[in-house]
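Please read the structure below before turning to the comments.
The values are calculated or read from the model by the stated rules, or taken from the named source; none is laboratory data. This structure is a prediction, so every number in the text was calculated from the model and none was measured. Methodologically, a virtual Cβ is constructed for each residue, glycine included, from the backbone with ideal geometry; neighbour enumeration extends over all protein chains shown. The protein model used for the area step is the full one, side chains on, heavy atoms only, and it has no ligands, DNA or RNA in it. Shrake-Rupley method; radii C 1.70, N 1.55, O 1.52, S 1.80 Å.
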Amino acid sequence: MTLRGEKGEIMKIPISWLKDFIDLDGLSIEDIARKLTLAGMEVDEILYAGLAMPIYKDGEKHEFKTNGIAWDREKIVVAEIREVKAHPNADRLTLLDLFDGQQDQVVLTGAPNIFDLKGTGKLAKPIKVAYAKEGSVLYDGHADGLQLMTLKRAKIRGVDSYSMVCSEKELGISTESDGIIILDDAAPVGMPLADYIGDAVLDISILPNMARNASVVGIARELSALTGRELQKPTIKFKTSGDSVEDLVSIQITNAELNPRFVAGLIRNVEIKPSAYHIQRRLKHAGQRPINNIVDATNYAMIELGQPLHAFDYDVLKERAGKKKIKISTRVASDGEKLTTLDGAERTLTPMNVLVCDEKGSLSIAGVMGGTESEVTEKTKNVLLEGAAWNFINIRRTAKQHNLPSEASFRFSRGVHPAVAETGVKRGLQYMAEWANGNIAPGLVDEYPLKPKDPTIIVTPQDVKRLLGIELTAKKIAELLTRLEFKCVVDKNTVKAKTPPHRMDIAEGVVGLADVLEEVARSYGYDNIPVTTMADALPPQVGNPIHEWEEHLRDLLVALGVQEVVTYRMTSVEKESRITQYTEYVRIANPIAPEKNVLRRSLTASVLSVLEKNIRLGESLALFEIGPIFEPVKNNLPNEPRKLAITMSGLRDATAWDVKESATLDFFDMKGRIELLLSGLRLTGVTYTSTESTPHLHPGKSAEITVNGQVLGVFGELHPSAKEKYELGASPVLVAEFDLALLRKSAPTYGIIPVPEFPPVYEDIAIIVDESVLATAVESLIKQTGGRSVSSVRLFDVYRDEKIGAGKKSLAYSLTYQAEKTMTDSDAATIRNKIVKRLENEFSAKLRS
Amino acid sequence: MQDKLNEIEQAALESLQSITEQAALDAWRISTLGRSSALMMVFAEFGKLSKEERPVIGAAANRVKAALEAALQIKAEALKTVVLAKSLSEEKLDITLPGRTKHIGRLHPSTQQLRRVLAILAEMGFQVYTSREVETDDINFQMLNFPLHHPARDMQDTFFVEAENRGDNPILMRTHTSPGQIHAMREFAATNPQNPPPIRIALPGMCFRYEQITARSEIQFNQVEGLAVGKNITFADLKGTIADFVRRMFGEGARLRFRASYFPFTEPSAEVDVECFVCGGKGCQVCKNSGWLEILGCGMVHPNVLQNGGYDPNVYSGFAWGMGPERQLMLRNKVNDIRYFWGNDVRFLEQF
Ligand SMILES: [Zn+2]
C-alpha cells in the first residue's frame, strides 16, 4: 500500500462540457475540483483556458496545481474579418480589415490559414476570429514552450500594429498551432471570448475501480451525487430513413464471455469535413486530435459516455460481402493470423486476441484497434458504427501483447458496462447526423448474449455501524445510494440496493457489501465520518526478539564507529565475482539493467562496492550492512539468510591540525571491533582460528570465528588479488561477514559478575617463549592456573630482540589478582610463582626480570 | 632588646613589601625566619637573658615571629594570585581552531526513520512482524485481491524471478509489505482457527517495483504498514488511529484529510494528505502548489483478504495503512533525489 505509481490514468475534462449535463452555477472551479478529489477523483492539475483564475493573495492557501491563462474580458473578444489585404512592404504578411463589435480595426498577421484570401476583396462571408487588443496577456506564439507576453504597440515593416488575431497557442488552448483560430460562423461578434469559449480543464486521475468515470457523464454523475444537483442525462433523438440496418447487417457472437454484446447502427450519405470549431476545441482539451466529423463523432461520444465506438466504411464491407447482407462475426484469432491495423502495422495474432470479422476475414482487433481496409476515409459515404462490450481482462492482455494502448483499450480494459454500448452507438449516430448531414437507418443490430448481473446488495444500518462506525437510518442509506443511481428499496431496517447499469465494480455477497459501503462512505463524505478510538480488545502483545536483537546489533556497530549503509538487493554476477565464485543465482526475469539482473549472494561484495565508491572521500571509512542475501532454490522461493558485513580501510585515528600522523587500520583493528561486538552480544567461548579457505581473504591475515564448534563468521584483510579488482587506496582493506541466525543463537542470556568488594593487586609479567607458541595458548594456561584468583589477563606487549635470541619472542601480560578478601602482595606472589612454574614446564618459558 | 625586635620587624616588613617574585620571597623567608636570621638569634640567645627579662622578651619575640609569618602568608597568597593571573593570560588558546575528532558511526537514514515510525506504532500497540522479500504471485497479489491479469496490477509494476513450471504462480520481488498481512493473519488464525485472536502489527521492509531509477523513482524502497484486525473495528477507528499516528509523526498541529482512493486489498480505501509542513499549506514546490502532501494510503481490510487470512469477514473487520520512510525523509529533510538513499555517498549519510 504505497503512494508510488498508484495513480490511475489521467482523464482531461473541460468544465464547459460538464455543464452540458449538470448545473454548476455558484460553484467555483476549485470547489468542483475539491469535491471530486475528496471523493476519489483526484484533480492533479487545473488548466485555465480563458476562464478567470483564482488569484491568491500573499499568504493565502493554494489548493491545486494550476496552469494556463485567463482571458481579459475587455481586451479579448470575438471579431470578424471583412477583408484580407496585402501588406505594402511584406509579401508574407497580410492586413486584415476587422470589426470587433465596437469599431473597425486594421490588424497585421502572418497566419497561413487566411493567406489565400489575400486580395480577394470584401469577403462574402466574414470570418470569425479571436481578437486581442493592446495590453492583452497571451502566450508568445513564436517562442518555444509557453511564455507569457503582453501585447504592445509596435511598428512592423512600416505598419502600426497594436492588436492581433490569436492562434490556439497564444490563447493557451493547445501547445502548438499553425494559424489563427477560425471560430464557428455563429460566434457573436463583440462578445468577450472568455464568455464564448472560455474554459478550464480538470486533469482527473481515474482509479482502476472507477472506469465508469472515464467520461464526462460519469464525472457529472459523481458531481450530482456530491452536490445533490440533478444529472441532466443526454437526450438522444433523431429521425431515421431508408432500409433498416437489420435487413442489411447481421451479427454473430461465438464467445459471449469474451463479447457480451455487439451493437451496430448505419448512417448514410455523410459529408466528411472538419468538425465545427467548438467540437474541435473540446476534443483538443480532452486530449484528442480532431480528424474529421465522422471520426470526431466517435471520439466525442466516447469521451462523453465512456463507450468506445468504431466506424467502418459500410461500402467496403458491402463490397467484401459481394453486395449481399453483411455478416459480422466475432471470434478468437487463429494462431499466426495476420491483420494490418490503422497505424499501418501488420500484426501477428494469437488465439488470445478477439477479432471482428466478416465472411472474407478479419476487420479489426476487437476493442483495441481497427484494420486499415475498412476504415473511414475522406471518400466514405455510408458508415456502419460499432459499439460493443468486451471482456476487460482479455482486452488488457491483448493491448499489452501488441503494445497498443489507446483510449478505447484503456476503457475496455477497465470494464465498460454493456448497457452503454447501445446508448453510445445512438449518440454517435446522432452526432454524425448533426455534423455530417447523414441519414440514420432505422433500428440497430444488437446481439446481447450475456447480460451483467447488476447485483442487488442488502445493506442494513447494523452493517454501516459495524464497518464504517456511523449511525445511519435505512432511509438515509438509501438516499445516499440513490444519488449514485442505485435502485433502492427500503424494507423496515434493510435496504435492497440494485447496482445501476453503468458500473461493473459491484460484486455479490460480502464483497458486494464492502463495495456498496464504500459508496455509502463516499457519498456521505469521508470528512463527515467521526474519529474514534478502537474499542476492540488490545490483542496479546507479541514481541519480535529477532528484530529487537538486530536493532541492538546495529547500535553496537554504530557505537564502534561503523557507519550503516543499505544497498541494492539487485546486482550482477560480474560485480560479485570480484570476491566470489558463485554461479547459481536468483535471476531477475525482467531486469531494468544488466548490472542489476541477479539478487546478491554476498553482503561483503555489497559493502565493498560502497567502500570503493567512497574511498577518496575520507581518510578512514568503516561501513556495515545488515540484510538478506538470496540463495537460489530451483524453481522455488530462495532462502533469505540475513547477514552482517563490515568493511574498514584508512587511518586508525582521526588526524587534526596538530595530529598529523596515524597508522592505517589493519587486521587487529578489525579483530578488536569484532571482540567488542561479540562481548557486547555477551558471547563467551569465542575462538579465532586461522583460515586459508576463504579465497577473497589474505591467507595469513584471516580468521574464522567459532563458538561451540560453530563457525559464525570470517574476517581478515582483503586478498591482494581481490583488492586489485577494486579501485581502492593503498591501505589494507578489512572485511568481516557473519551469519546473523547463527550469531543470534550463540548469544546466551547471562547474569552479571559482581563487582569485587576488595581491592585487587595488579602485576605485569613478561616471559620469553619460542616464536611458535601462540599467544592464546599462553593466555589460557595463565587463566587455567590462576583460576578465580586471576580476574583478568591482558597481553600488552609483544617484543622481539637479538638479546632475547633468534626464534624467540617476549610476551608481556598485565595480571589482575582478586580474592574474596584483601589480596596481599605475598598472596599474589604465591599465585604468580605457580603460574610461572607451569609456563616453564609447558612452554619452556623464561621469566624476564 | 625590645628595640632590636621592633627594628627586625620593621626592616623585614619593609623589604617584604617590594618583593614581586616567588624566589625573592623564599630568600626573604630564609633571611627573616630562617635558623640564622636575626629573629631566630634572639631566640637562640634567650639563655643569656635575666629571669625577669625572659617572659617579656619571649612574648615580644613570639609576637614578631607571628606577625612576620602572617605577613609572609598574605604575601605568598598575593604572589600566587599574580602568578596564576599571569599564566592564565599567557595560556589563552585560539579557540577557533578545529577540535580533534573521532571516526564515528551512524545509522542509515532509512533505519533512523523506520525506527521513528516503529517506535510510535509500538506505543500504539502495533508490534513488528517481518516476512520474506521474494514472494510468490499468490501471496503478493492473488490473496490480496489482485486477481491474475486484473487492471489493478498495472499499479504495481513487478520484477519477476526466473523459474520454470510455475503456472499462474510465478516468483517475484514483493511489490509491497502487504504479503505480510496474509502471512501474519494465517499464523495468528492457526493458533485458534475457530476464534482467531485480534491482530495489531507493524510490517516494515524492503519492497521492489519495476521502475526506471530517476530522481523521483527507485526500484527498491522501504514500506511500513500497520494492520489491525478484530471484531469491532470500523472506518471511524481507522480515522482515529491514523489521526493519532499523524499527530505523533508530524506534530500536534498537523492538519490532515482523507481522500477516497483505491487499493485492491482494502475497501473503503483512502489516501491521507497532511497539510504541507514546508509552506504551511500556502503552496510550494514540495507540495506542487496544492498545499497538501500525500503521506499514506489506508483502508478497511477487503473481505477477500480477511477470508484468505483465515478471518471470517462476516465477523471480523480490520484496517491497514502503509507509508514510505524514504518519502517521509524526502519531505522532512528536503531530499530532492531518491537515489541518494541506496547511493550511500558518505556525504549524504553523514547528514543524518
Ligand atoms: Zn507546500
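Tabulated data for the structure shown
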| read-out | value |
| --- | --- |
| Flag for A:GLY370 being open to solvent by less than 10 Å² (accessible area, probe 1.4 Å), in a helix (DSSP H, G or I) and of a type outside the set (Val, Ile, Thr) | no |
| Considering residues of the stretch A:511-551 that are in contact (Cβ under 8 Å) with a residue 60 or more places away in the chain and within 30 Å of A:PHE624 (Cα to Cα) only, the residue farthest from the other protein chains (Cβ to nearest Cβ) | A:TRP549 |
| Residue count, the stretch B:96-139 (criterion: closer than 30 Å to A:LEU665 by Cα and at the interface with chain A (Cβ under 7 Å from one of its Cβ atoms)) | 13 |
| Residue in the stretch A:825-848 that is hydrophobic (A, V, I, L, M, F, W, C), free of Cβ contacts under 8 Å to residues at least 60 places away in the same chain and open to solvent by 90 Å² or more (accessible area, probe 1.4 Å) present | no |
| Whichever residue in the stretch A:343-353 is more than 14 Å from A:ALA399 (Cβ to Cβ) and not in a loop (DSSP other than H, G, I, E, B) and, among such residues, is modelled with the lowest pLDDT | A:GLU346 |
| Residue in the stretch B:220-236 that is open to solvent by 20 Å² or more (accessible area, probe 1.4 Å) and within 7 Å of chain A (Cβ to nearest Cβ) present | yes |
| Identity of the residue in the stretch B:292-305, more than 9 Å from every other protein chain (Cβ to nearest Cβ) and away from the ligand (no atom under 16 Å from the Cβ), that ends up nearest to B:ASN232 (Cα to Cα) | B:VAL301 |
| Of residues in the stretch B:228-256 being part of a loop (DSSP other than H, G, I, E, B) and over 20 Å from B:MET185 (Cβ atoms), the one farthest from the ligand (Cβ to nearest atom) | B:GLU252 |
| Condition met for A:LYS492 (under 35 Å from the mean Cα position of the chain (by Cα) and over 24 Å from A:LEU223 (Cβ atoms)) | no |
| Only one of A:ILE782, A:ILE767 that is more than 21 Å from A:GLY685 (Cβ to Cβ), touching a residue at least 40 places away in the same chain (Cβ under 8 Å) and not assigned by TED's automatic domain parsing to the domain that holds A:GLU550 | A:ILE767 |
| Selection from the stretch A:757-788 of residues that are open to solvent by 40 Å² or more (accessible area, probe 1.4 Å) and of a type in the set (S, T, N, Q) | A:SER772, A:THR776, A:SER780, A:GLN784 |
| Lone unmet requirement of (1) free of Cβ contacts under 8 Å to residues at least 40 places away in the same chain; (2) under 25 Å from the mean Cα position of the chain (by Cα); (3) within 16 Å of the ligand (Cβ to nearest atom) for B:ASN336 | (1) |
| Test: residue in the stretch A:431-444 that is assigned to a helix (DSSP H, G or I) and of a type in the set (S, T, N, Q) | no |
| All positions within the stretch A:731-756 that are touching a strand residue (DSSP E or B) at 6+ places or on another chain (Cβ under 9 Å) and surrounded by fewer than 11 Cβ atoms within 10 Å (Cβ to Cβ) | A:ILE753 |
| Tally of residues being more than 11 Å from every other protein chain (Cβ to nearest Cβ) and surrounded by 15 or more Cβ atoms within 10 Å (Cβ to Cβ) across the stretch B:341-352 | 0 |
| So B:LEU93, is it free of Cβ contacts under 8 Å to residues at least 40 places away in the same chain, aliphatic (A, V, I, L, M) and within 8 Å of chain A (Cβ to nearest Cβ) | no |
| So A:GLY50, is it in contact with a helix residue (DSSP H, G or I) (Cβ under 7 Å, 6 or more places away or on another chain) and surrounded by 14 or more Cβ atoms within 10 Å (Cβ to Cβ) | yes |
| Meets criteria (within 30 Å of A:ASP243 (Cα to Cα), free of Cβ contacts under 8 Å to residues at least 60 places away in the same chain and out of contact with any His (no Cβ under 7 Å at 6 or more places or on another chain)) for A:GLY306 | no |
| Checklist (1) more than 7 Å from every other protein chain (Cβ to nearest Cβ); (2) of a type outside the set (Phe, Trp, Tyr); (3) open to solvent by less than 70 Å² (accessible area, probe 1.4 Å); (4) touching a residue at least 24 places away in the same chain (Cβ under 8 Å) applied to A:PRO501, failing item | (3) |
| Flag if A:LEU363 is of a type outside the set (D, E, K, R), touching a Leu at 6+ places or on another chain (Cβ under 9 Å) and closer than 30 Å to A:LYS324 by Cβ | yes |
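Condition check ((1) away from the ligand (no atom under 16 Å from the Cβ); (2) under 27 Å from the mean Cα position of the chain (by Cα); (3) hydrophobic (A, V, I, L, M, F, W, C); (4) open to solvent by 40 Å² or more (accessible area, probe 1.4 Å)) across all residues:
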residue	(1), (2), (3), (4)
B:PHE258	yes, no, yes, no
B:PHE263	yes, no, yes, no
B:GLU267	yes, no, no, no
B:CYS279	no, yes, yes, no
B:LYS282	no, no, no, yes
B:VAL286	no, yes, yes, yes
B:SER290	no, no, no, no
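The rows are residues; the columns are (1) in a loop (DSSP other than H, G, I, E, B); (2) among the basic types (Lys, Arg); (3) farther than 15 Å from A:ARG522 by Cα.
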residue: A:ILE458; (1), (2), (3): no, no, yes
residue: A:ASP463; (1), (2), (3): no, no, yes
residue: A:LEU480; (1), (2), (3): no, no, no
residue: A:LEU484; (1), (2), (3): yes, no, no
residue: A:CYS488; (1), (2), (3): no, no, yes
residue: A:LYS496; (1), (2), (3): no, yes, yes
